[in-house]
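Taking it in order: structure first as structure tokens, then the write-up.
The values are calculated or read from the model by the stated rules, or taken from the named source; none is laboratory data. Computed from a predicted structure; not experimentally measured. Note: ideal-geometry Cβ built from the backbone for every residue, glycine included; neighbour counts use all protein chains shown. Ligands, DNA and RNA are stripped out before the accessible areas are found, and what is left, the full protein with its side chains, is counted by its heavy atoms. Shrake-Rupley method; radii C 1.70, N 1.55, O 1.52, S 1.80 Å.
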Amino acid sequence: MQWQWLVVLGGVLGLGSPVLGQGIPSPETGSPASGGNLSAAENGQRGEGDWLLPLPSSADRLDAVPERGWLAVGLLEAQAVTLLDGASGDPLWQVAVGFAPGVVRVDAVQQVVYASGPNAPGVVALDLLTGELLQAYGLPAGVLDMAVDAAGGRVFASMPAAQSLAVIPAPNRQRNGSEPPQARNLPLPGPPLALAYDPERGALFVGLAGEDPLSLLVVNPDNGELLARWRGGNTPEAMALDAQRQRLVVLNSGSQDLTVLDLGRSGEALQRIGLDWRPTRLALSADGRWAYVTSRNSDRLQVVDLEVGRLAASLRLEGQPTGLVRLGERDLWVVAAGIPALRRLVDIQAQVGDGRAEPWNGGASQQNGIPSSGNRGVVTGRVLDIAGQPVQTGVLRLAATSTQPPQTVRIAADGTYVLPELPAGLYLVDVEVPGFPPTSTQVEVRAGFVSTQDIRLPPGQPARQPEGIGLLPDEPVYSDELARHLSLALKELQPQRPVLLLNGPLGPDPRFEPLLPLIQGLTLLDRDERYTADLAKLKAIGDALGLRYILLTQLQISRDYNRQGSSLLNTALRFLAPAVPVEIPNFTPNQLRSRGLVVVVDLQRDRPGDRARYYEAYGRDDVGGDPLFEDAAAGLFRLQVRNMVPVFIQQWQANNPFSG
């Protein structure tokens with residue numbers, strides 16, 4: 001299979017034609033890039049101590065081949081994958097792949113290097129020893145993370161945009177004319193992020209995006225069966241399996257912490273360890289005691305002691321470190337965002353012990369608002385309206401406690417706030433913003449940390465009584481067409497009320513677009529056709545846009561082709577003329593049916609538990625000839641939609657639902 005996205009870049013590197021032994025030049029000893037300690041011995045091995053290895057472009061994730069001392073690196077701007085010798089820093093091969101390989105994984109047993117990325121249209125499999133292209137697998141979306149099942153000869157890839165997981169078999173090196181193996185996709189209940197495979201249990205751990213407390217899935221990759229859901233953190237972006245201690249370490253960028261789960265006790269949480277900076281990538285020490293965490297918004301490598309459950313130290317590096325991997329017992333290799341270099345940190349634990357890393361002391365004597373006392377913390381964040389936009393003024397009030405006097409904190413013009421040093425614990429904060437009802441929220445202060453917590457306000461108090469009508473189509477096809485035609489008719493039926501098409505064939509109205517998250521997963525009616533608690537989401541939309549009514553439209557369609565004639569007519573014909581074997585067929589075999597449904601919600605009167613008011617109209621077409629093409633059928637369905645509008649208008653004229 002030849003794919004257009006596997007192209008030769010700049011005419012220099014061709015896929016399957018690796019540049020063998022073409023070394024990347026090293027800086028001279030003492031040059032600024034070398035940090036003064038880049039030295040090569042006569043045998044080509046690098047000298048002792050940390051050193052910096054230049055790369056053709058920046059990189060993100062790394063993977064290692066510990067048995068051989070090799071490193072697999074995805075070069076982003078160069079759109080290539082390279083294999084490096086960790087002892088000398090020399091490239092063994094470098095291959096162009098035609099996309100930015102943000103993710104690389106090595107299967108040392110099958111001797112395959114897999115590469116993909118968030119914007120890649122699939123996964124490429126390269127020979128570990130030569131860099132030769134073995135196979136390219138097409139996928140429906142980009143890949144954020146991969147995990148390898150070496151014994152099973154397969155790799156798993158998370159695809160957040162497709163909300164699915166790809167199971168990719170190892171390439172067949174000796175096809176003998178057979179079809180190459182293909183990837184299969186397993187749907188998931190949410191966008192998958194991080195992956196980790198447990199070979200002992202044959203289970204795949206999948207971290208889901210979002211704030212769901214049960215953010216960690218346990219999946220059977222053989223059939224996609226969901227075995228369990230475990231409690232994790234917010235936005236688990238990386239995971240590491242400690243097979244020796246039978247635990248899973250999960251890095252949560254949203255809640256800015258690490259979660260340590262006991263695999264022997266069905267995912268029971270052993271520890272939750274807060275971090276100073278929002279984490280990005282994770283690596284474990286050889287004995288599983290230490291976790292090394294990079295951060296996308298700082299220059300620190302955070303060192304976490306998993307045995308005592310606390311942040312032990314932080315090491316200052318160049319730039320903003322992202323990808324990292326352990327090679328050998330004690331050495332770490334790290335890349336930084338936008339910097340075309342690979343940094344080796346020799347004996348990282350010795351650096352922590354000899355003072356080169358800054359010890360963590362509960363936040364004492366730190367800058368930029370970090371607490372000056374070990375039992376105190378700081379909370380910061382933004383105050384947002386219902387559309388997710390920051391407010392521009394207001395105050396936060398903390399009530400007095402036995403150890404703390406009352407405090408008033410002003411909200412900055414960009415919507416941010418900072419609650420100064422407070423003793424660790426939970427606090428109730430009153431939020432006062434002009435134009436919004438007073439509200440209260442709870443914030444958690446963690447000792448020694450600057451915690452981030454955004455505050456979302458309830459809908460603002462409308463300046464005047466809402467009188468508008470909004471039309472919101474459901475997902476089925478042509479529902480937006482029905483909403484569009486009804487909006488035009490309602491402007492004539494209710495000229496005194498503003499009519500707003502919230503979401504139509506051309507997309508959402510700009511005023512409604514910031515509120516789209518409110519209707520994701522909306523379940524308005526229960527089995528008894530009564531309103532659920534999700535009615536509050538529609539009320540929030542109505543308050544924000546000045547709407548008294550919201551009309552939800554849905555069009556259900558069915559399409560059939562049947563040449564069989566009327567059974568009664570053909571029975572009568574056989575009775576009257578039994579000697580004539582004639583059967584009258586159906587001369588209009590194309591049967592197109594549609595049902596239009598409109599739910600009228602009165603945002604001021606309707607309450608959860610009330611029975612919904614809905615109106616129906618039907619469309620029907622019977623067309624002769626061969627089966628209709630899609631375009632012809634679509635035209636007839638759209639005509640049925642237009643013919644439904646007068647039916648709805650007649651119902652509303654007879655029984656006006658907008659009389660409130």
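Things to note:
- Net charge dipole size for the range 374-511 [Lys, Arg +1 and Asp, Glu -1 on Cβ; Debye, nearest 20]: 420 debye
- Cα centroid separation - the range 182-235 against the range 632-655, whole Å: 45 Å
- Efficiency of FRET between Arg310 and Arg265 - r from beta-carbon atoms, R0 25 angstrom, step 0.05: 0.70
- For Gly504, the amide hydrogen comes within under 5 Å of the amide hydrogens of Asp509, counting only partners 5 or more places away or on other chains and with H modelled in the peptide plane.
- Amide N of the range 149-166 lying under 15 Å from the label point, which is placed 7 angstrom from the Cα of Arg184 along Cα→Cβ: 153-157, 165-166
- When +1 charges are put on Lys and Arg Cβ atoms and -1 charges on Asp and Glu Cβ atoms, the dipole computed for the range 176-287 relative to its Cα centre reaches about 120 debye.
- Extension gain from Ala243 to Arg559, taking 0.36 nm per residue of separation minus the Cα-Cα distance: 108.3 nm
- Segment Ala634-Arg620, extension gain: residue separation times 0.36 nm, minus the distance between their alpha carbons: 3.7 nm
- Centroid-to-centroid separation of the range 97-125 and the range 466-492 [C-alpha atoms, Å]: 46 Å
- Low-density loop positions, trypsin sites (Lys or Arg not before Pro), the range 156-190 - DSSP coil, at most 15 other Cβ in 10 Å: Arg173, Arg175
- Derived scalar couplings ³J(HN,Hα) [the range 428-439; Karplus, 6.51 cos²θ - 1.76 cosθ + 1.60; whole Hz; x for Gly, Pro]: 9, 10, 8, 10, 10, 10, x, x, 10, x, x, 9
- Sites Asp528 and Glu200 - FRET efficiency at Förster radius 30 Å, r taken between beta-carbons, to 0.05: 0.05
- Cα point-scatterer Debye curve for the range 143-221, base-10 log of I(q)/I(0) at q = 0.15, 0.21, 0.27 Å⁻¹: -0.53, -0.90, -1.29
- Surface composition of the range 403-529: carbon and sulfur make up 52 percent of the accessible area, probe 1.4 Å.
- Two-decimal log10 I(q)/I(0) for the range 421-571, as the Debye equation yields it once each C-alpha is a single scatterer, q = 0.20 Å⁻¹: -1.27
- Taken along the Cα-to-beta-carbon direction at a fixed 7 Å, the label points for Glu432 and Ala399 span 1.6 nm.
- In the range 406-505, the trypsin sites (Lys or Arg not before Pro) that fall in loop regions by DSSP, at most 15 other Cβ within 10 Å: Arg464
- Were the residues from Val418 through Ala350 laid out at 0.36 nm apart, the gain over their Cα-Cα distance would be 20.8 nm.
- Of the GluC sites (Glu not before Pro) found in the range 183-245, those in coil by DSSP whose Cβ has at most 13 other Cβ atoms within 10 Å are Glu200, Glu211.
- Accessible area of the range 92-180 belonging to carbon and sulfur atoms, whole % at 1.4 Å probe: 48 percent
- 3J(HN,Hα) along the range 141-157, derived from phi through the Karplus expression 6.51 cos²θ - 1.76 cosθ + 1.60 where θ = phi - 60°, amounts to 7, x, 10, 9, 8, 9, 9, 10, 9, 5, 5, x, x, 8, 9, 10, 10 Hz, with x in place of Gly and Pro.
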